[in-house]
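Working notes, beginning with the structure itself.
The values are calculated or read from the model by the stated rules, or taken from the named source; none is laboratory data. Values in this document were obtained by computation on a predicted structure and should not be read as measured data. Quick reminder, even Gly has a Cβ in these numbers, built from the backbone with ideal geometry, and neighbours come from all protein chains shown. The protein model used for the area step is the full one, side chains on, heavy atoms only, and it has no ligands, DNA or RNA in it. Shrake-Rupley method; radii C 1.70, N 1.55, O 1.52, S 1.80 Å.
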Protein chains: 2
Amino acid sequence: MKANYTAIDGGVTAPLGFRAGAVYVGVKSRKKHKPDLAMLVSDRPCASAALFTTNRFCAAPVTLDREILKKGRARAIVVNSGNANAGTGERGLRDAKAIETEAERLLGLGEDEVFVCSTGVIGAYLPTQKILDGMRRIVPDLSPDKGSDAAWAICTTDRVRKEASYELALSGGTVRVGAMAKGSGMIHPNMATMLLYLTSDVRAEASDLQQMLSAAADKSFHMCTVDGDTSTNDSAFLLANGASGVSLATGADRAAFASLITDVCVDMAKRIASDGEGATHLIEVHACGLPTERDARLVAKSVAGSTLFKAAVSGRDANWGRIMAAAGYSGADVDPAHADCVLRSAAGEVQVMSDGFGVDFDEELAAKVLSEHDITVIVRFRQGDGEATAWGCDLTREYVRINGDWRT
Amino acid sequence: MKANYTAIDGGVTAPLGFRAGAVYVGVKSRKKHKPDLAMLVSDRPCASAALFTTNRFCAAPVTLDREILKKGRARAIVVNSGNANAGTGERGLRDAKAIETEAERLLGLGEDEVFVCSTGVIGAYLPTQKILDGMRRIVPDLSPDKGSDAAWAICTTDRVRKEASYELALSGGTVRVGAMAKGSGMIHPNMATMLLYLTSDVRAEASDLQQMLSAAADKSFHMCTVDGDTSTNDSAFLLANGASGVSLATGADRAAFASLITDVCVDMAKRIASDGEGATHLIEVHACGLPTERDARLVAKSVAGSTLFKAAVSGRDANWGRIMAAAGYSGADVDPAHADCVLRSAAGEVQVMSDGFGVDFDEELAAKVLSEHDITVIVRFRQGDGEATAWGCDLTREYVRINGDWRT
């Protein structure tokens, strides 16, 4: 099903009733004074859904936001980059709470109405006063035109900001969806932290939104790997304020909206993988013909996450042995004796394995296929209808430099 | 319990009744004519145990050896390096069988008496004739003095050969254990293949040996990671020919022998991690204070395998946030709010985390601790008695070069 939507300008503030703002407060010293504090505010209550990291060692703001989500009253978000407020114990929680409380005061909101997010270095205390001061500068200038500023502020050293917005025709009228995300293109990271913010002016129930966000994450962020390290701060939010007056009235409306949310999440997941630390390739892995979808997901993720295959791609080496080995150890029910493997990009397509063993393929063509930035690996089995897609990036010396040399 | 054993010379042929030999046959073209074909032969039948890769996409020799193990008659092993005979379908199986059959003929043995192993590039057919010719050159010169030659022949481009041998006093007399292994220090690898061969002149039952080898692997190879990619060819063998006339007569004998097998496997696992591709550090991770041993194993393996932490170590960065994050996502039941973390090496010890959050530690000392080749990470929880140790190596730009550039 293809939803009836079109891209529009505006990013996370494209939906009616959302404003944003961003400033530089100096959370950590930088050479480049990129904004590092963002606020996103709805002019009315929102139905909210959220997903948080499964890491037991989670950051203070994640602990706080889990509670705020339960209250169901949140309508604003504060995000700082440069410091993750993780591994900071009780003081970290107090700092996050202080930010929430001051944001509520500045915005004239009640308790539990603001989510707080942090991303950056683990194990350092937040410069809370700087953040409180920064919010005082942001609030008077909040604007529907500043979604893109916010999208830049939440980045640490991602090479590009990641935002999108769409208009969707429903039975009762038009609604909008906005998105911003940060990934893992940091120069001084402690974590490949992922943050995602989705906004909409649709009128919807929080429980519906939660279901849609979870389903979308299953197809997107849960299928996206940069280095296999799960962050302490990963968070995804979907806030719908109903400002359009248009609700999800019919089954078709719900399906169309859910489909848009999934498409936006897949798009963001691809951008995060593409902008992975040190990455020079976006790798899409499509596994099909498996007994179940679960098997296909295991195979796709295993290949996309294989250190050896990722290193091969950085060297433009059509090393199908590593692809099949990763499929073999994925834990999926695979029968490699009847597997095919194809590499594809804008430069062409080359089959490297057929019916379980190697094809004498054109090495020159294969190198050309792998010279493109976006490459697709297709691993096809003959055991059933299960299929899935995962995204990752190549492993480069630059990744090791970024993550090995930052304090030396 | 510390077993009553001492190191002796001789490697895999130190136990009575074992001979070995190795030659260069040119399995693949090399600049350096290192031997690439080895044979190991017992002068009498052996009780055998073996463990094989769990990868579904396993190599032809693994398929063959599984059958030979079942027959329980094997007493010799042929190993070639340079070509894994994986992804080679029916022809690969025929090649492996041809090697087995010719070895049996040359050695005057019956059917199913020879294991065949291969390691190297995936997806290329074996130069079988070269291997058959090579065996004809090895057999006349098999000798108890050539264990070390065999240990070198099974390496691809490991930087060092990995062998050991010990003498153990049992109630009925002395027995010997020999070992050789290959790891993942290959320059032209398709896989970080692990091979292990243990020999002994003890008199023992195959089922006992199988139990001991499995238990030893749980504490060693299953706790050892270089890059998280499970090979298509991983195989470990334990062959005992009884030539000493000494059996495992008492419970203490069995315990002492089992303990020696575990110690040898741990030693080999550490050498494999230490000689990991591009590695400049051996990382030992000790997790303790967990609710169960299973939890401790999960934590230790997760930290040892964390791409981000491995990269930090290559940069000598005491990045404890990455250690705790890896513990947090390990799947273990961990309470990070009461965790300690210590880094230790010959240069000293530094506590970087205490009771759940960061210590203001001496960065200079930490860098000194991490400048040693062998470093230990201790992650201590306060939830129980579960403990475990895992081994890994750092992630360097050299790893990416080795695995990215080999065909370009």
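Quick notes on this structure:
- Only one of A:D149, A:D145 that is modelled with pLDDT of 95 or more and assigned to a loop (DSSP other than H, G, I, E, B): A:D145
- Residues located in the stretch A:241-265, provided they are in a helix (DSSP H, G or I), more than 13 Å from A:M212 (Cα to Cα) and among the hydrophobic types (A, V, I, L, M, F, W, C): A:A252
- Filtered residue count, the stretch B:11-26, keeping only those that are surrounded by fewer than 24 Cβ atoms within 10 Å (Cβ to Cβ) and either farther than 23 Å from B:D267 by Cβ or at pLDDT below 95 (or both): 6
- The set of residues in the stretch A:158-171 that are over 14 Å from the mean Cα position of the chain (by Cα) and surrounded by fewer than 19 Cβ atoms within 10 Å (Cβ to Cβ) comprises A:R159, A:E167, A:A169, A:S171.
- Selection of the stretch B:106-122 for residues being within 14 Å of chain A (Cβ to nearest Cβ) and in a loop (DSSP other than H, G, I, E, B) yields only B:I122.
- The single residue among A:G89, A:G120, A:G108, A:G82 that is closer than 30 Å to B:M353 by Cα and surrounded by fewer than 23 Cβ atoms within 10 Å (Cβ to Cβ) turns out to be A:G89.
- Any hit, the stretch B:382-405, residues being in a strand (DSSP E or B), closer than 19 Å to A:A124 by Cα and either of a type in the set (S, T, Y) or open to solvent by less than 30 Å² (accessible area, probe 1.4 Å) (or both): no
- Scanning the stretch B:56-67 for residues that are away from chain A (no Cβ under 14 Å), touching a strand residue (DSSP E or B) at 6+ places or on another chain (Cβ under 8 Å) and open to solvent by 10 Å² or more (accessible area, probe 1.4 Å) yields B:L64, B:R66.
- Meets criteria (polar (S, T, N, Q), under 25 Å from the mean Cα position of the chain (by Cα) and more than 12 Å from chain A (Cβ to nearest Cβ)) for B:T396: no
- Per-region count, the stretch A:349-381, residues part of a strand (DSSP E or B), over 26 Å from A:T225 (Cβ atoms) and touching a helix residue (DSSP H, G or I) at 6+ places or on another chain (Cβ under 6 Å): 1
- Test: residue in the stretch B:372-388 that is facing another protein chain (nearest Cβ under 10 Å) and either in contact (Cβ under 8 Å) with a residue 24 or more places away in the chain or not aliphatic (A, V, I, L, M) (or both): no
- Cβ separations smaller than 7 Å between residues 6+ apart or across chains give the following pairs from the stretch B:354-365 residues that are more than 9 Å from every other protein chain (Cβ to nearest Cβ) to residues that are of a type outside the set (V, I, T) and open to solvent by 50 Å² or more (accessible area, probe 1.4 Å): B:V359/B:Q351; B:F361/B:Q351.
- Subset of the stretch B:337-353 (residues that are touching a residue at least 24 places away in the same chain (Cβ under 8 Å) and within 17 Å of B:P291 (Cβ to Cβ)): B:H338, B:A339, B:D340
- Any hit, the stretch B:35-52, residues being among the hydroxyl-bearing types (S, T, Y), in contact (Cβ under 8 Å) with a residue 60 or more places away in the chain and over 20 Å from B:N233 (Cβ atoms): yes
- Residues that are under 15 Å from A:W391 (Cα atoms), touching a residue at least 40 places away in the same chain (Cβ under 8 Å) and open to solvent by less than 20 Å² (accessible area, probe 1.4 Å), drawn from the stretch A:285-310: A:V285, A:A287, A:A296, A:V299, A:A300, A:V303, A:A304, A:K310
- Filtering the stretch B:279-337 to residues that are aliphatic (A, V, I, L, M), assigned to a loop (DSSP other than H, G, I, E, B), over 24 Å from the mean Cα position of the chain (by Cα) and at pLDDT below 90 leaves only B:A318.
- Taken over the stretch A:123-145, the residue count meeting the criterion of being within 14 Å of chain B (Cβ to nearest Cβ) and open to solvent by 20 Å² or more (accessible area, probe 1.4 Å) is 3.
- Within the stretch B:209-233, considering residues that are within 22 Å of B:S42 (Cα to Cα) and open to solvent by 30 Å² or more (accessible area, probe 1.4 Å), the one nearest to the other protein chains (Cβ to nearest Cβ): B:Q210
- Within the stretch A:29-55, tally of residues that are surrounded by fewer than 21 Cβ atoms within 10 Å (Cβ to Cβ) and within 14 Å of another protein chain (Cβ to nearest Cβ): 2
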